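Asks: This is the structure, below, for whatever I ask next.
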Amino acid sequence: MNNEDKLFELMTKMHAEMQNEFIKMYTQMQNEFVKIRQEMKEGFNAVNSRIDNVENELKVVNSRIDSVESELKVVNSRIDSVESELKVVNSRIDSVETEVKGVKKELNDFREEANDRFDSIENKLDDMEANNADRHVTIKGEIKNIKATLSKVEIITADNWSDIARMKSHIKNKVK
């Protein structure tokens, strides 16, 4: 095997290794993106679930309010028992207000938690961007080094071809 073949084989191996490294890095980045997407999806699912719970609780509150309204109609129709019925209604309204306050508090807590989660996701994305920038700089430096090495190899190869041509010419001149 001559030097040219060896050089070609070396360059082929280097090319294959560079492709493998690129594929590994690409796969790692894809896996990270998939992981982040899954985390975001899980977060959104949790948010949607909590929103559904709040909506269900609001339906219960609306149902109770409807019940209170129907009882008020009964109270109006029974003028004789207005005082006792109003006490019952006031009691029920107080409990509804308490429940509404509880729902409002839960909604505020939910908003704070959702904001915290979104902040956390943003921080993770910022960290990923910084890491990817560092990787990019490292890879760029490695590529510059490889280019410089390839340039040297090309110069040496050109010198070798020149030497080979001189040797062939010299041999031809001797044979004549």
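The values are calculated or read from the model by the stated rules, or taken from the named source; none is laboratory data. Keep in mind the model is a prediction, meaning the values are calculated, not measured. Virtual Cβ from ideal backbone geometry, glycine too; neighbours counted across all protein chains shown. Heavy atoms of the whole protein, side chains included, go into the accessibility calculation; ligands, DNA and RNA do not. Shrake-Rupley method; radii C 1.70, N 1.55, O 1.52, S 1.80 Å.
Asks: Could you tell me whether the stretch 122-130 includes any residue that is among the aliphatic types (A, V, I, L, M) and without any contact (Cβ under 8 Å) to a residue 40 or more places away in the chain? Let's see the steps before the verdict.
Replies: As a first pass, look at the stretch 122-130 and keep what is among the aliphatic types (A, V, I, L, M): 125, 128, 130.
Among the residues that remain, those that are also without any contact (Cβ under 8 Å) to a residue 40 or more places away in the chain are: 130.
There is at least one residue in the stretch 122-130 that is among the aliphatic types (A, V, I, L, M) and without any contact (Cβ under 8 Å) to a residue 40 or more places away in the chain.
Asks: Inside the stretch 138-155, can you point out the residues that are among the aliphatic types (A, V, I, L, M) and open to solvent by less than 100 Å² (accessible area, probe 1.4 Å)? It would help to see each step written out before you state the result.
Replies: Let us first name the residues in the stretch 138-155 that are among the aliphatic types (A, V, I, L, M), namely 139, 143, 146, 148, 150, 153, 155.
Those that are among the aliphatic types (A, V, I, L, M) and open to solvent by less than 100 Å² (accessible area, probe 1.4 Å): 139, 143, 146, 148, 150, 153.
Asks: Select, from 96, 103, 153, the only residue that is touching a residue at least 12 places away in the same chain (Cβ under 8 Å), closer than 21 Å to residue 48 by Cα and of a type in the set (A, V, I, L, M). Outline the logic, then answer.
Replies: Working: 96 fails: closer than 21 Å to residue 48 by Cα; 153 fails: closer than 21 Å to residue 48 by Cα.
Going through 96, 103, 153 in turn, the sole match is 103.
Asks: Taking the criterion of being open to solvent by 60 Å² or more (accessible area, probe 1.4 Å), at pLDDT below 80 and either touching a Cys at 6+ places or on another chain (Cβ under 7 Å) or at negative phi (or both), would at least one residue in the stretch 55-73 satisfy it?
Replies: yes
Asks: On to the next question. What residue, among those in the stretch 131-150 that are under 30 Å from residue 43 (Cα atoms) and in contact (Cβ under 8 Å) with a residue 24 or more places away in the chain, is nearest to the chain's Cα centre (by Cα)?
Replies: Filtering the stretch 131-150 for residues under 30 Å from residue 43 (Cα atoms) gives 131-136.
From what is left, the residues that are in contact (Cβ under 8 Å) with a residue 24 or more places away in the chain are 132, 135.
Working: 132: 13, 135: 18 Å.
By that ranking, first place goes to 132.
Asks: Considering only the stretch 1-14, state which residues are in a helix (DSSP H, G or I) and either within 19 Å of residue 165 (Cβ to Cβ) or open to solvent by 100 Å² or more (accessible area, probe 1.4 Å) (or both).
Replies: First, the residues of the stretch 1-14 that are in a helix (DSSP H, G or I): 3-14.
Across the stretch 1-14, the qualifying residues are 3, 4, 5, 6, 7, 8, 13.
Asks: Another question, if that's okay. Quick check on my filter: what residues within the stretch 8-41 are over 15 Å from residue 150 (Cα atoms) and touching a helix residue (DSSP H, G or I) at 6+ places or on another chain (Cβ under 8 Å)?
Replies: Result: 25, 29, 32, 36, 39, 40.
Asks: Name every residue in the stretch 74-96 that is modelled with pLDDT under 90, open to solvent by 70 Å² or more (accessible area, probe 1.4 Å) and acidic (Asp, Glu), in order of residue number.
Replies: 80, 83
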